Amino acid sequence: MPTATVTHTAALARLGHALSDGTRAGVLLALREAPAYPSDLADALGVSRQVMSNQLACLRGCGLVEAVPDGRRTWYRLADTHLAPALDEMLRVVLYVEPDCCGSDECTCA
C-alpha cells in the first residue's frame, strides 16, 4: 500500500470538495462513462449552461477534468484514467446515514 503524502491528502480534499456538490458529482459520474460536451452535460443534469460552465471550471481547477478543444467547441474528460475505476468503487460503498442527519438545513455533516 502506498504511503499517503501531503500531496495525496490535498488531492483527496479536492476530490471531496468536488463530490460535495451534486452537480459536480453528476459531471464526474457522467464523464466516467465517456467524454462529453458541456451542453450535453447541462442537458443531462438539468442545469443551465452557465451553471455547467462554472462547475466545469471548478473541476478543472481541482485537476479532475480536462478540456479538449474540438474545432470551435470543447469537450471534457476525466483528467486521470484512475478516476473512473475509483468512482466505480465509491459507488459500491454502502453507508448508514442517521435518519435525522442529512435531511434538513441543519445537517451537521457539512
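Order Ser39, Ser48, Ser20, most accessible first, counting only protein heavy atoms with a 1.4 angstrom probe.
I get Ser20, Ser48, Ser39, largest accessible area first.
Three principal axis extents, largest first, for the C-alpha atoms of the chain, in Å?
Reported extents, whole Å, longest axis first: 48, 37, 23.
Hey, if we sort Glu66, Glu33 by accessible area with the 1.4 Å probe, largest down, what's the order?
Descending accessible area places them as Glu33, Glu66.
What order do Val94, Val68 take when sorted by accessible area (1.4 Å probe), most exposed first?
Ranked from most to least accessible, the order is Val94, Val68.
Near the amide H of Val65, under 5 Å away, which other amide H atoms are found, from residues 5 or more places off or on another chain, if H is placed in the peptide plane?
Arg60, Ala79
Per the helix-only calculation at 222 nm, which mean residue ellipticity applies to the chain, given -39500 (n - 2.57) for every DSSP H run of n ≥ 4 and division by its residues, nearest 500 deg cm²/dmol?
Only helices count here, giving -15500 deg cm²/dmol.
Skip the ligands, DNA and RNA, and give the accessible area per residue of the chain with a 1.4 Å probe, whole Å².
Accessible area per residue, the chain: 69 Å².
Spin-label point model (7 Å from Cα, Cβ direction): what's the Thr9 to Gln50 distance in nm?
Roughly 3.9 nm, to one decimal.
Using r as the Cβ-Cβ distance of Arg92 and Asp43, and R0 as 41 Å, what FRET efficiency do you calculate, to the nearest 0.05?
On the way: r = 28 Å, r/R0 = 0.68.
After rounding, the FRET efficiency stands at 0.90.
Where Lys and Arg each count +1 and Asp and Glu each count -1, what net charge lies around Asp21 among other residues with Cβ under 15 Å from its Cβ?
Neighbourhood net charge equals +3.
Going through region 15-110, which trypsin sites (Lys or Arg not before Pro) have at most 15 other Cβ atoms within 10 Å and a DSSP loop state?
Those satisfying the criteria are Arg72, Arg92.
Once neighbouring chains are kept in place and the probe is 1.4 Å, which whole percent of the accessible area of the chain is contributed by carbon and sulfur?
Summing carbon and sulfur atoms, their accessible area is 56 percent of the total for the chain.
Between Trp75 and residues 5 or more places away or on another chain, which pairs have amide H atoms under 5 Å apart, with H built 1.01 Å from N, and which residues are they?
Residues meeting the amide H criterion: Val68, Asp70.
The values are calculated or read from the model by the stated rules, or taken from the named source; none is laboratory data. As the structure is a computational prediction, the values presented were derived from the model and not from experiment. We place every Cβ from the backbone using ideal geometry, glycine too, and count neighbours over all the protein chains shown. Each accessible area value is taken on the protein alone, full model and side chains, heavy atoms only, with ligands, DNA and RNA left out. Shrake-Rupley method; radii C 1.70, N 1.55, O 1.52, S 1.80 Å.
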